[in-house]
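K.L.:
First the structure, which I've put down as structure tokens, then a few questions once you've had a look.
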Protein chains: 4
Amino acid sequence: MSMKQETIDRIRKFSTDRNWDQFHTPANLAKSIAIEAGELLECYQWSDDANPEHVKQELADVIVYCRNMLDALGLDEDEIVNAKMDQNEEKYPVKKPTGATKSILSSKREDKLCRTAM
Amino acid sequence: MSMKQETIDRIRKFSTDRNWDQFHTPANLAKSIAIEAGELLECYQWSDDANPEHVKQELADVIVYCRNMLDALGLDEDEIVNAKMDQNEEKYPVKKPTGATKSILSSKREDKLCRTAM
Amino acid sequence: MSMKQETIDRIRKFSTDRNWDQFHTPANLAKSIAIEAGELLECYQWSDDANPEHVKQELADVIVYCRNMLDALGLDEDEIVNAKMDQNEEKYPVKKPTGATKSILSSKREDKLCRTAM
Amino acid sequence: MSMKQETIDRIRKFSTDRNWDQFHTPANLAKSIAIEAGELLECYQWSDDANPEHVKQELADVIVYCRNMLDALGLDEDEIVNAKMDQNEEKYPVKKPTGATKSILSSKREDKLCRTAM
């Protein structure tokens, strides 16, 4: 199930009650999402067999900061996700089952050709 | 607004139609969230003044992979977020406005004392 | 100063003595670098005024895992860095001081045009 | 082999020649390391079988930004790495081969007990 409105309100109230909205700039929240994503990844650092409780907590942290960022930027989750899915569906058309089906791997790798990392 | 059920279904159908569910192991999705979080952070790499369109796309990517991970693990977004908010509220009680109010900075820094990084 | 050979040897011996080389696959080390990079970033999560001791420890962690990854892949640090600097110098030529000098910001932003994130 | 002094000088000259040192604040470089670590991780997103050339480039990017950060903070790589190795060796003593040998997994997991993520 998606997040209930009362849960969204609870997340907002948590920050407001502690006077933390002042720290929730978009740039700080982008850092926070990356930091929490690192902690989620840590559950899988040496093995795919992660601690389920720990995973739940870390994934929830990422989601909460995403929600904070939506609020800080005045964005609608449903709207930006659908806009991105429009792009994804155009970029990765469903392959017809005739001949060699490109995998996500090769699709992704072709993608890289356009990128020279710095 | 939170994600509509039809948007959740759209995300699922996108993966299923491309036969990509096989790649969506929890460990791969944890990596994917971290990778997309890095791309979101890139919007703020040298300046807090990010391109709004780019931010929307990258934040949506993080959210979509979080949704994929909830599905891969059979988790309920609302439930894990509320469980984490229970912890957060206990860990960071609302300060009474008497005397020195600890900021998020000092709260976070005290937190660190318990961690020796490796 | 760059890392001394005896420091490189110390890092190797640390893993070997604990029988940890078996965990040091390139993929696990890529995760480890991202995790430690997240912890380094955490020093700057809410403020640019980070704890210097903490920064040193986290930066060292990133560097140690980079060294582990060089070893795991049999790569020479000096060689791969120079190969990348060749690319960087070609990609970002030094601007002549005539007319509008493009900043790193605009250089980087032009770069993005070629990327549609997923 | 470790980085040669001339390579360190080359990295410094690259930034200076482009007037980019002004962007190389410690906080921006911490973000940059996390961003590049995400790109390195992307090489292993869906498979452990990464493109070797791409890995070299991304790992070099992480290393170059670590070098930039050492410079920005006036730190000596060899010194901070040895200080961290002192801590690591104390924190993870070599196990005597008598009885149950704790793996890196269990060592790391015990570590987590002290951390409640937010």
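K.L.:
Hey, can you tell me all the residues within the range C:25-42 that are farther than 18 Å from B:Ala27 by Cα and more than 14 Å from the chain's Cα centre (by Cα)?
P.N.:
Within the range C:25-42, just C:Glu42 meets the criteria.
K.L.:
With the condition kept exactly as written, say whether any residue in the range C:8-18 is open to solvent by less than 60 Å² (accessible area, probe 1.4 Å), within 14 Å of chain A (Cβ to nearest Cβ) and within 21 Å of B:Leu41 (Cα to Cα). Steps first, please.
P.N.:
The initial filter retains those residues of the range C:8-18 that are open to solvent by less than 60 Å² (accessible area, probe 1.4 Å), namely C:8, C:10-11, C:14-15, C:18.
Now restrict to residues that are within 14 Å of chain A (Cβ to nearest Cβ): C:15, C:18.
Now restrict to residues that are within 21 Å of B:Leu41 (Cα to Cα): none.
No, the range C:8-18 contains no residue that is open to solvent by less than 60 Å² (accessible area, probe 1.4 Å), within 14 Å of chain A (Cβ to nearest Cβ) and within 21 Å of B:Leu41 (Cα to Cα).
K.L.:
Report the residue count in the range C:81-109 for those that are in a helix (DSSP H, G or I), hydrophobic (A, V, I, L, M, F, W, C) and either modelled with pLDDT under 95 or more than 12 Å from the chain's Cα centre (by Cα) (or both). Break it down stepwise before answering.
P.N.:
Taking the range C:81-109 and keeping what is in a helix (DSSP H, G or I), we get C:81-91, C:104-109.
Then drop every residue that is not hydrophobic (A, V, I, L, M, F, W, C), which leaves C:81, C:83, C:85, C:104-105.
Still in the list and also either modelled with pLDDT under 95 or more than 12 Å from the chain's Cα centre (by Cα) (or both): C:83, C:85, C:104-105.
Adding up the residues that qualify gives 4.
K.L.:
Then there's this: Is it the case that the range B:69-76 has a residue that's within 11 Å of chain D (Cβ to nearest Cβ) and either within 14 Å of the chain's Cα centre (by Cα) or open to solvent by less than 10 Å² (accessible area, probe 1.4 Å) (or both)?
P.N.:
Let us first name the residues in the range B:69-76 that are within 11 Å of chain D (Cβ to nearest Cβ), namely none.
No, the range B:69-76 contains no residue that is within 11 Å of chain D (Cβ to nearest Cβ) and either within 14 Å of the chain's Cα centre (by Cα) or open to solvent by less than 10 Å² (accessible area, probe 1.4 Å) (or both).
K.L.:
So which residues in the range C:51-64 are open to solvent by 10 Å² or more (accessible area, probe 1.4 Å) and either more than 7 Å from chain D (Cβ to nearest Cβ) or acidic (Asp, Glu) (or both), if there are any at all?
P.N.:
C:Asn51, C:Pro52, C:Glu53, C:His54
K.L.:
Another question, if that's okay. Report yes if D:Leu113 is within 30 Å of B:Ala83 (Cβ to Cβ), within 14 Å of chain B (Cβ to nearest Cβ) and at pLDDT below 95, otherwise no. Explain how you work it out, then say what you get.
P.N.:
Details: within 30 Å of B:Ala83 (Cβ to Cβ): yes; within 14 Å of chain B (Cβ to nearest Cβ): yes; at pLDDT below 95: yes.
It is true that D:Leu113 is within 30 Å of B:Ala83 (Cβ to Cβ), within 14 Å of chain B (Cβ to nearest Cβ) and at pLDDT below 95.
K.L.:
Can you tell me which residues in the range A:28-43 are open to solvent by 10 Å² or more (accessible area, probe 1.4 Å) and not in a loop (DSSP other than H, G, I, E, B)? Can you show your working first?
P.N.:
Within the range A:28-43, the first condition is being open to solvent by 10 Å² or more (accessible area, probe 1.4 Å), and the residues that meet it are A:28, A:31, A:34, A:39, A:42-43.
Correct list: A:Asn28, A:Lys31, A:Ala34, A:Glu39, A:Glu42.
The values are calculated or read from the model by the stated rules, or taken from the named source; none is laboratory data. What you are looking at is a predicted structure, and each value in this text was computed from that prediction instead of being measured. Virtual Cβ from ideal backbone geometry, glycine too; neighbours counted across all protein chains shown. What goes into the accessible areas is simple: the full protein's heavy atoms, side chains included, and nothing from ligands, DNA or RNA. Shrake-Rupley method; radii C 1.70, N 1.55, O 1.52, S 1.80 Å.
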